Amino acid sequence: MIVENYKHEVISALSSIFEKEESVLSRAGEMVADTLQQDGMLYAFGCGHSHMISEELFYRAGGLAAVCPIFETSTMLHEGAAKSSQIERMSGYAQHVIDRYPIHDGDCFLVASNSGINPFPIEMAQCAKIKGAKVIGISSSQYKEKPSRHKDGLHLPDVCDLSIDNHVPMGDATIEVCSDGSKAGPLSSMAILFIVDSIVLSACEQLRKRGIEPQVYHSGNCPGSDEYNARLIQQFRPRIKHL
């Protein structure tokens, strides 16, 4: 059954991340924990489907309260799927977007781009570093030898303080479904979400070791959660415009 093949690909990718990126994920968690301990913020950004890291990390059950997503709708699919791909390849737009967020020294900036070759996410990482944030990038190492669309030929790992390989194959999709060789069964979304949630868990573990209780949201469908979450919203709303 073709779904069985897909299951194997998913498990293989996630296992590779766990086995080969464990120390890097731990370091990422340490960076986020350092930020939270200093009352900093974790910012998250991605274009196209990679923007899901912003959704995944923000205001959800088990999510850190000190997360500010960068929601740039021009790079999301609902305002034009083809347009979002075109904008991701644009140079010079990132500064206008990032200037709308109060990123500063001590913050952490998490950016995902499966290929890591497009200018927008690369320049977002560069702009965040200029503002003083520590930058963590997620991309696939399969593209590191491919030409970049960045004007200086840079790839996302080139501009990050820490780079995490999502172990996704070239082209993302994994299972051949057409006679011409076309494939379905993409991996990148599951891979990057596994990575960002692993970073959250690692950060929480680091904070607990330092005697600090992590601030995480409770599920809104559990008793007492509304009151608990309301306190976090009140605390962070002045710093997170999307709350």
Under the condition of being of a type in the set (S, T, N, Q) and without any contact (Cβ under 8 Å) to a residue 60 or more places away in the chain, which residue from segment 171-209 is surrounded by the fewest Cβ atoms within 10 Å (Cβ to Cβ)?
Ser179
Among (1) surrounded by fewer than 20 Cβ atoms within 10 Å (Cβ to Cβ); (2) closer than 15 Å to Ser50 by Cβ - the single one Gln215 does not satisfy:
(2)
Listed by first then second residue, the pairs whose first member lies in segment 224-238 and is over 14 Å from Ala66 (Cβ atoms), whose partner is of a type in the set (S, T, N, Q) and modelled with pLDDT of 95 or more, with beta carbons under 7 Å and at least 6 positions apart or on separate chains, are Ser225/Ser219
If I ask for residues that are of a type in the set (Gly, Ala, Ser), modelled with pLDDT of 95 or more and under 19 Å from Ser113 (Cα atoms), which ones from segment 30-46 would you list?
Ala44
Looking at (1) of a type outside the set (A, V, I, L, M, F, W, C); (2) surrounded by fewer than 23 Cβ atoms within 10 Å (Cβ to Cβ); (3) within 17 Å of Ile192 (Cβ to Cβ), which is the only condition Gly116 fails?
(2)
Positions within segment 67-80 being under 13 Å from the mean Cα position of the chain (by Cα) and surrounded by fewer than 21 Cβ atoms within 10 Å (Cβ to Cβ), in sequence order
Phe71
Does at least one position in segment 219-238 carry a residue that is touching a strand residue (DSSP E or B) at 6+ places or on another chain (Cβ under 8 Å) and either buried (at least 19 other Cβ atoms within 10 Å of the Cβ) or of a type outside the set (Asp, Glu) (or both)?
no
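The values are calculated or read from the model by the stated rules, or taken from the named source; none is laboratory data. Given the structure is predicted, the values throughout are model-derived calculations rather than measurements. As a convention, Cβ positions derive from the backbone with ideal geometry for all residues, glycine included, and neighbour counts pool all protein chains shown.
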